[in-house]
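Notes to accompany the following structure.
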Amino acid sequence: MPHHIPTSGRVVAAGAAGVLALGVLAAGSPAVARPAPQHHGQHQSQHQQSHKPAYKNPRLPVSVRVRDLLSRMTLAEKIGQMTQAERADVTADPTLVAQWNLGSVLSGGGSVPTPNTPTAFADMVDGFQAQALKTRLGIPLLYGIDAVHGDGNIYGSTVFPHDIGLGATRDPKLVEKVEHVTAIETRASGPNWAFAPCICVARDDRWGRTYESFGESPKLVERMETAIDGFQGKSVKDLSHPDHVLATAKHFAGDGLTTYDASKAGTGAYPIDQGVDQVSKAQFAQLALAPYVPAIKKHHVQSVMPSFSSVDFTNDGLGNPVKMSANKALITGWLKNQQRFKGLVISDWQAIRQLPGTYSDQVATGVNAGIDMFMEPYSGSATGAPQFEATLTSLVNDGTVSMARINDAVSRILRVKFELGLFEHPYTNRSLANTIGDKAHHEVARQAAAESQVLLTNKSRTLPLKPGRHPVYVAGSNADNIGNQAGGWTLTWQGGSTNVIPGTTILDGIEAEAKAPVTYSVDASTPVPAGADGIVVVGETPYAEGYGDVGGPQWAFDPGDNNVPRPAKTMMLSDADTQAIKTVCAAARSCTVVVISGRPMIIPPDLLGQIDSLVAGWLPGSEGIGVADDLFGHHRFTGKLPVSWPRTVAQEPINVGDANYNPLFRFGYGLRD
């Protein structure tokens, strides 16, 4: 999800023939809320319950409660439930939550209260919730946030490795554990809905969202979908617990499969993000749709977010790409009917505004395609939530959108709210608030960072280094920068080199584990001590969607980095990092290079020849000491490449199974020390 405030039983993979099947299968039985045990003395309470509307009775099945509530709602109340505003729209006047009958509010990247603390966040969410409960029917709010590697928007939350690093661990149980911690910290600070995980299959590392993917293989992505269990629990019945949140499988479908458009490089446009999948139906089924089958049928994900991207099946002879937000065949036909998805479909950030036609046309297309809730931020200039609600009302009144479609959308939204237990417990459960960012959660982050490290070269068994044996010399731009190692979606949308979060840098970890004198010089200008083991930590600076595309636009305004412009991305090491490697490798006893990045970086042959040990460190998050754990043998290298590591950028896209496959390091490669 983008954010443009400068401050989205048996499991069988979908086959090609069934990708666009539109046959409606019989709906499964609705989830049922189990009645509480009967106890002596409860007769009066039960009598009082009988006088309440059915939708307020937690003893009744969810399906009954949904039908009862839906029957009581006006059109305005129903359309309000389909509307999601941004917190900035309603902060100055929280009564707008009630006036607009909002079904949901979200925080985009960097959109936070002041101060940005878990307590302030929970207070803010509860304030909005109080307004929702003042409406005629008292329908509680969903509050969404991008918790893509921990709840990184909120200062103090534990920040984990991004998904590409988690994919390198090949450890589904650890991934579930990571996302369970994320769920705990998210719900204890107010939000009950995470716009995660991304179950895309990243097929071109020039894409700026590569790090949000678990890897280039659908099978690997499917293995890591235990992330959904971490967020939601093992069953839908777990959603109401204070340690779980609603998860979102995104971005449906094919966001990692878009074709790189070299003509856009250097023009200020995004060369690959939000682009077009130019593939056959069979390829789309294998690489885009397949991960959604277990996400729905095995892990029971309860919300799905369509992608900004389009699909253009290359064998149809038409050449007419269709935006996913308009793709009824896939959203309603494949997802809802064929896969029997019973949750809600939430649009991405103003996504329908990219569709053809007038705004009325865009709303009609999105609703009729099967989107249930619409992320429509910013009401300041006659846009946003009020405009959406007025437009959809007109479309229903003139028959362009049917009441059956409205009722289906609202039923899905209400069902999720009942499953989350919001009607019984609408306000933030703060019983686990004291665990946010605690030592135990940071230990999970440290474990995840350690398991994500991939050892690519290790001449003469340089690693692990022997603690206390030799002095250590550390250099490179990412050795002592926690903002860089955390990456994008950390405190702000694009992240920032100056975005400081609680945790340890890689230098902190080295100093803790070296058991010997440590010299640090970011540019390697300080002389290397005789007999020192050299460690050079290099790589990328933070970015997120769009601005992370290779050849994409420069991020020119970044208050998180003191308004210092960031150049367009290249997948190449900076001149300063390259020189630091050469300097240290020429003078040190041994030379280890750790690459901190959201994707592979190009290591030229002459530079590779000077390096003794090369480590892919990915974006390890808040605990850089986890990287040091591997360097000094506290934890053994176990990671495997989740993507193929190219020799040159010109090799992109390069993926396992390609003809003439010849990467620098193969998918799944990883040495043991």
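At a glance:
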| read-out | value |
| --- | --- |
| Greater than 29 Å apart at Cα, pairs in K177/K640; K417/K439; K439/K582 | K417/K439; K439/K582 |
| Amide hydrogen neighbours beyond the local backbone of T504, cut-off 5 Å, H modeled | E623, G624, I625 |
| Isotropic mean projected area of the C-alpha convex hull, region 85-169 (nm²) | 6.1 nm² |
| Antiparallel content of DSSP bridges confined to region 502-600, in %, to 5 | 10 percent |
| Percent breakdown of C-alpha pair distances by 10 Å bin, ordered from the shortest bin, for the chain | 3, 16, 27, 26, 16, 8, 3, 1, 0 |
| Of all DSSP beta bridges in the chain, antiparallel share, percent nearest 5 | 20 percent |
| Rg followed by Dmax, in Å, when region 100-247 is reduced to its Cα trace | 16.0, 50 |
| log10 of Debye I(q)/I(0), alpha-carbon scatterers only, for region 326-406 at 0.20, 0.21, 0.27 Å⁻¹ | -0.90, -0.98, -1.41 |
| Whole-Å distance, taken between Cα centres, linking region 447-491 and region 310-371 | 43 Å |
| Ordering of 430-436, 147-153, 383-389 by packing [mean C-beta count within 10 Å, highest first] | 147-153, 383-389, 430-436 |
| Separation of the T578 and A76 label points, Cα + 7 Å toward Cβ, nm | 6.4 nm |
| Length gained when the stretch D398-K52 is fully extended (0.36 nm per residue, less Cα-Cα span) | 121.0 nm |
| Dipole magnitude (debye, nearest 20) for the chain, charges at Cβ of Lys, Arg, Asp, Glu | 2160 debye |
| Test item: Cα-centred dipole of region 463-535, Lys/Arg +1 and Asp/Glu -1 on Cβ, debye | 180 debye |
| Separation of the S280 and V649 label points, Cα + 7 Å toward Cβ, nm | 3.2 nm |
| Under 19 Å from the R666 label point (7 Å along Cα→beta-carbon), backbone N, region 607-645 | 616, 638-645 |
| Extreme residue, positive dipole direction of region 263-322, given options V279, V304, G319 (C-beta unit charges) | V304 |
| Which of D361, D163, D658 has the fewest Cβ neighbours within 10 Å, and the rest in rising order | D658, D361, D163 |
| Separation of alpha-carbon centers, region 81-100 and region 192-249, rounded to whole Å | 28 Å |
| Cβ-based charge dipole, region 487-626, positive-most Cα from A514, T578, Q554 | T578 |
| Estimated [θ] at 222 nm from DSSP helical runs (n ≥ 4, -39500 (n - 2.57)) normalised by residues in the chain, nearest 500 | -8000 deg cm²/dmol |
| Kirkwood Rh (inverse of mean 1/r, distinct Cα pairs), region 333-492, angstrom | 21.4 Å |
| Kirkwood Rh, angstrom, region 435-563 [1 / mean 1/r, Cα pairs] | 16.6 Å |
| Neighbour cut-off at most 16 other Cβ (10 Å), DSSP loop, chymotrypsin sites (Phe, Trp or Tyr not before Pro), region 530-602 | F557 |
| Spatial separation of Cα centroids for region 132-179 and region 627-652, in angstrom | 25 Å |
| Per-selection metrics, region 439-651 (Cα): Rg and Dmax in Å | 16.2, 47 |
| Normalised convex hull volume, region 56-434, alpha-carbon set, Å³ per residue | 137 Å³ |
| Dipole in debye (nearest 20) - region 439-651, about Cα centre, beta carbon charges: Lys, Arg +1; Asp, Glu -1 | 640 debye |
| Placed amide H near G256: partners under 5 Å, 5+ positions off or other chain | V201 |
| Stokes-Einstein D for region 158-229, Kirkwood Rh over Cα pairs, 37 °C, 0.692 mPa s (µm²/s) | 263 µm²/s |
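No lab work stands behind these numbers, since they all come straight from the coordinates. Predicted, not measured: the structure shown is a model, and the values here were computed from it. Neighbour counts run over all protein chains shown; Cβ positions are idealised from the backbone, glycine included.
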